[in-house]
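Just below is one structure, and these are the notes that go with it.
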Amino acid sequence: MELLETGEKTVFAGGTDLIPMMKRGKIRPRDVIDLSGVGGLRYIRRSDGFFMIGSRTTVKDLVDTQLLDHRYAAIKSLGRYFGVEPTRTMATVGGNLASGGERDLPQIFEVLNAKVKLLSAGGERIVGPLECRPASGELIVEITVPELGPRTQTWFSKFEKRAANGIGVVTTAVFLKLSIDGSVEDVRIMLNRVMGRKPGRLYLVEQSLKGRMIDADTLNNVATILEDEINPASDFRASSEFRKHISKVLVGRALLECVKRIRG
Amino acid sequence: MCETDPGVINVYKIELRINGVQVITEVRGRDRLIDLLRKVGMMSVKEGCSTGDCGSCNVLVDGELVNSCLMLAVQARGSDITTLEGLGTEDKPHRLQLAFVEFAASQCGYCIPGIIITAKYLLDKHPKPSEEEIRRMLTANICRCGGYTRIVEAIKTAMAGGDG
């Protein structure tokens, strides 16, 4: 940690985000610290009802691991949605979280109620996945995910303007838990753009779903609430109107996929 | 390994295997794997986009598919690298290379080494992939000349064959 302390240091994990940012002139690092020599940061362990994921764990490690079952479909779907194969081989969990913004892992870890541990010479700090940009001298070291219980399911999907490797115009991550009677016991929904360009939870939609059965009426209601709850920014890829429309479609489908899989 | 002296470019001596041959070489901290590979003569490795989007620079590192324009040379220390030169030669071509020639899958040729490496990677993981699986894996590579019809046909034919 002493290395990170002195001056402005840039951390090089997988390089899949850092190098493109450098090439595009967005980051001009002076001192770069390569993490490949730091052992003990790449692991996926399960203990006492939690999964512990080291920050240098690659996206491919997450997709391939046998430790996560079908309930963690949100994570498994990264094999389809996160870049292309070489990207997944090199990109790290810590790197994606540190870069933040509209990226995939912050949304997925948020609906999984994960916590992120940052380490510095001064100690450690535990934060949520949407607010874990490391301060100077800090390094993301571990992500802790509580194990999913019975009658739960997660889902992630991305609407992109290419067959693959596109920037997510709309991405959604959903966690759903059904009661024994089939009604919604708990739900968490993330979208990449809720206000402007900021990702966020759909608290009003979540509230409207609790205690209800998921059917055509509930989904129509979800669409109506979504219409007012979000105001995604337009840009060259898609207008705000289009993003809103796709958001409704993706969230509705994600909820249905979760229900289908919980019912089995 | 790190730059302990800000502003100074440090040089590191590293050891790795390239296409089965042990190589000991000096690299700068800022050199990428593609820089190292081309310096030692592996000219099949092409720089296209420099941002890991086009796949022209694809190589295998310990059997994994990697963008060599994104990986630092020092990060490949101790690893086994495979480039197109390691797959086959004119005298003893790999059956993927034969298939690409037979199907005239290459036009300008720039994307081809990266595509063959991706195909080799796929073949090693899934010996009998469907067309859908081939095309999905090939999202790692951009071909602007004539991809991907003949490329996919060549890979399908090569896959149907024996081992390696």
Practice item. Could you tell me whether A:VAL93 is modelled with pLDDT of 95 or more, over 24 Å from A:ALA135 (Cα atoms) and among the hydrophobic types (A, V, I, L, M, F, W, C)? Key: no
Review point. Across the stretch A:46-69, what is the number of residues that are open to solvent by 20 Å² or more (accessible area, probe 1.4 Å), assigned to a helix (DSSP H, G or I) and touching a helix residue (DSSP H, G or I) at 6+ places or on another chain (Cβ under 7 Å)?
Key: 2
Study note, to complete from the structure: Within the stretch B:79-135, of all residues that are under 19 Å from B:VAL21 (Cβ atoms) and part of a helix (DSSP H, G or I), the one most open to solvent (accessible area, probe 1.4 Å) is B:GLU85
Practice item. Kindly indicate the residue of the stretch A:16-45 that is in a strand (DSSP E or B) and more than 10 Å from chain B (Cβ to nearest Cβ) and also least open to solvent (accessible area, probe 1.4 Å) among those meeting that condition. Key: A:ILE44
Review point. Any residue at all in the stretch A:67-76 that is under 20 Å from the mean Cα position of the chain (by Cα), closer than 24 Å to A:GLY168 by Cβ and within 14 Å of another protein chain (Cβ to nearest Cβ)?
Key: no
Point to revise | Odd one out for A:LYS161 among (1) at pLDDT 95 or above; (2) among the charged types (D, E, K, R); (3) surrounded by fewer than 16 Cβ atoms within 10 Å (Cβ to Cβ) | key: (1)
**Study point:** Any chance A:SER234 is farther than 27 Å from A:GLY49 by Cα, assigned to a loop (DSSP other than H, G, I, E, B) and touching a helix residue (DSSP H, G or I) at 6+ places or on another chain (Cβ under 9 Å)
**Key:** yes
Review point. In contact (Cβ under 8 Å) with a residue 24 or more places away in the chain and within 13 Å of another protein chain (Cβ to nearest Cβ): does that describe A:VAL11?
Key: yes
Check your understanding: Which residue, of B:LEU65, B:LEU70, is outside any loop (DSSP other than H, G, I, E, B) and either touching a helix residue (DSSP H, G or I) at 6+ places or on another chain (Cβ under 7 Å) or buried (at least 18 other Cβ atoms within 10 Å of the Cβ) (or both)?
Key -> B:LEU65
Study note, to complete from the structure: Exception for A:MET190 within (1) open to solvent by less than 20 Å² (accessible area, probe 1.4 Å); (2) closer than 18 Å to A:GLU102 by Cα; (3) without any contact (Cβ under 8 Å) to a residue 60 or more places away in the chain falls at (3)
Practice item. Could you tell me which of the residues A:ARG42, A:ARG24, A:ARG88, A:ARG56 is modelled with pLDDT under 95 and closer than 28 Å to B:CYS69 by Cβ? Key: A:ARG24
**Study point:** Residue list for the stretch B:26-59, filter: within 11 Å of chain A (Cβ to nearest Cβ), part of a strand (DSSP E or B) and either open to solvent by 10 Å² or more (accessible area, probe 1.4 Å) or out of contact with any helix residue (DSSP H, G or I) (no Cβ under 8 Å at 6 or more places or on another chain) (or both)
**Key:** B:ARG32
Study note, to complete from the structure: When restricted to A:LEU148, A:LEU209, A:LEU176, A:LEU202, the only residue under 18 Å from the mean Cα position of the chain (by Cα), open to solvent by less than 30 Å² (accessible area, probe 1.4 Å) and free of Cβ contacts under 8 Å to residues at least 60 places away in the same chain is A:LEU202
**Study point:** For A:ALA163: the one exception among (1) within 14 Å of another protein chain (Cβ to nearest Cβ); (2) in contact with a strand residue (DSSP E or B) (Cβ under 6 Å, 6 or more places away or on another chain)
**Key:** (2)
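The values are calculated or read from the model by the stated rules, or taken from the named source; none is laboratory data. Please read these numbers as outputs of a predicted model, since none were measured by experiment. With ideal geometry, Cβ positions are generated from the backbone for all residues, glycine too; neighbour counts draw on all protein chains shown. Heavy atoms of the whole protein, side chains included, go into the accessibility calculation; ligands, DNA and RNA do not. Shrake-Rupley method; radii C 1.70, N 1.55, O 1.52, S 1.80 Å.
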